[in-house]
1. Taking the condition within 20 Å of Leu170 (Cα to Cα), within 14 Å of the ligand (Cβ to nearest atom), modelled with pLDDT of 95 or more and surrounded by fewer than 19 Cβ atoms within 10 Å (Cβ to Cβ), does Gln212 pass?
2. Give segment 234-270 a look and list any residue that's among the small types (Gly, Ala, Ser), under 19 Å from the mean Cα position of the chain (by Cα) and surrounded by fewer than 19 Cβ atoms within 10 Å (Cβ to Cβ), or say none.
3. Sort out which residues of segment 127-155 are within 30 Å of Asp295 (Cα to Cα), more than 19 Å from the chain's Cα centre (by Cα) and without any contact (Cβ under 8 Å) to a residue 24 or more places away in the chain, and write them in order of number.
4. Every residue in segment 241-300 that is over 18 Å from Leu31 (Cβ atoms) and touching a strand residue (DSSP E or B) at 6+ places or on another chain (Cβ under 7 Å), please.
5. Among the residues of segment 20-47, which ones are farther than 22 Å from Ser153 by Cβ and more than 10 Å from the ligand (Cβ to nearest atom)?
6. Just checking, does segment 162-170 include any residue being buried (at least 16 other Cβ atoms within 10 Å of the Cβ), over 23 Å from Thr124 (Cα atoms) and free of Cβ contacts under 8 Å to residues at least 60 places away in the same chain?
7. Return the pair list, or none, for Cβ contacts closer than 9 Å from residues in segment 191-202 that are without any contact (Cβ under 8 Å) to a residue 24 or more places away in the chain to residues that are within 7 Å of the ligand (Cβ to nearest atom) and of a type in the set (Val, Ile, Thr), at least 6 apart or on different chains.
8. Would you confirm whether any residue within segment 55-73 is of a type in the set (Phe, Trp, Tyr) and either within 16 Å of the ligand (Cβ to nearest atom) or under 29 Å from Gly175 (Cβ atoms) (or both)?
Amino acid sequence: MPDTLYRGRFAPSPNGPLHFGSLLTAVGSYLDARSHQGEWLVRIENLDPPREVPGSSQDILQTLESFGLYWDGPIVYQGQRHDAYAEALDQLGKLQLLYPCACSRRDLQAHVLGTTIGRIYPGTCRAGIPKGRSRCSTRVRVGNASVQFVDRSLGLIEEDLAAEVGDFVLQRADGLFAYQLAVVIDDADQKITDVVRGMDLLASTGRQIYLQQVLNLPTPRYLHLPIVVNQAGEKLSKQTHAPAIDPADPVPPLIAALRCLGQTVPHEVENARLREFWEWAVTAWKPAQIPCTGDVMVQN
Ligand code: GLU
């Protein structure tokens, strides 16, 4: 594929300000796109209004700009794309791949406790929902699908969807569309060629490729980046009280992010201005050096 056809994206959920872990993902996807002379798009994944923090989308976009992470084209908001997701569900319905499911999270937990299997849907409603139950989610059948893909950092990954995931939810009982569906439709509509994101989403990639295959959509290349953890080994997130990154002095956290991504940063870059930093970083980016260990510790 010629480099000019590279199109990457950063897809934050507006559940709070950017922290160092999200900065690392933004930096990795941005540098990979720019070093391929590609485009870098931003998509705000506001699929779940109850979890959205008011003002957070604007705050994330301003923070990206203060770090010199300028995107191409208009921002896409998932909250405005319900028609596209509904259309995809319709298409899957016509392929006889969907069924209503009345299992609540609690029903499934009870099942898991009884059997010690992980979070694999046991297929309870596959042949019909129990009488008298009405609030339903919609699941997609995975049949005996097994998915293979080559992650640019981790190599060949194989996932047996039936054994490892089971039929999965595409629309929740409250009507909200699932991330797995929305991300596939948006990546395809935005003609994304390269998905560069955190390794916490590696376990979702098989489901996404399965949906691409049944919907006849192209599969982008994938590169999963290490997850930043704090001193206690917890993933940086709102739940673990990760501090917001401070845009007042952007170069030091950018350098820290690059070092977590295995890049060699010469000491003179520490004195660079933001623009010089990016000019250097785009030419110096070496994805082959990204650690494939899963976690990297936050460096202060
Ligand atoms: N919205 C997701 C997140 O913030 C990222 C989704 C993706 O990159 O596919 O974790």
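The values are calculated or read from the model by the stated rules, or taken from the named source; none is laboratory data. These figures come from a predicted structure and were not determined experimentally. Note that we place each Cβ from the backbone using ideal geometry, even for glycine, and neighbour counts take in every protein chain shown.
1. It is true that Gln212 is within 20 Å of Leu170 (Cα to Cα), within 14 Å of the ligand (Cβ to nearest atom), modelled with pLDDT of 95 or more and surrounded by fewer than 19 Cβ atoms within 10 Å (Cβ to Cβ).
2. If the condition is that a residue be among the small types (Gly, Ala, Ser), under 19 Å from the mean Cα position of the chain (by Cα) and surrounded by fewer than 19 Cβ atoms within 10 Å (Cβ to Cβ), then Ser237 is the only one that fits.
3. Ser146
4. Selection gives Ala242, Pro243, Ala244, Gly294, Asp295, Met297, Val298.
5. The one that is farther than 22 Å from Ser153 by Cβ and more than 10 Å from the ligand (Cβ to nearest atom): Val42.
6. no
7. The qualifying pairs are Leu201/Val183; Leu201/Val195.
8. Yes, because at least one residue in segment 55-73 is of a type in the set (Phe, Trp, Tyr) and either within 16 Å of the ligand (Cβ to nearest atom) or under 29 Å from Gly175 (Cβ atoms) (or both).
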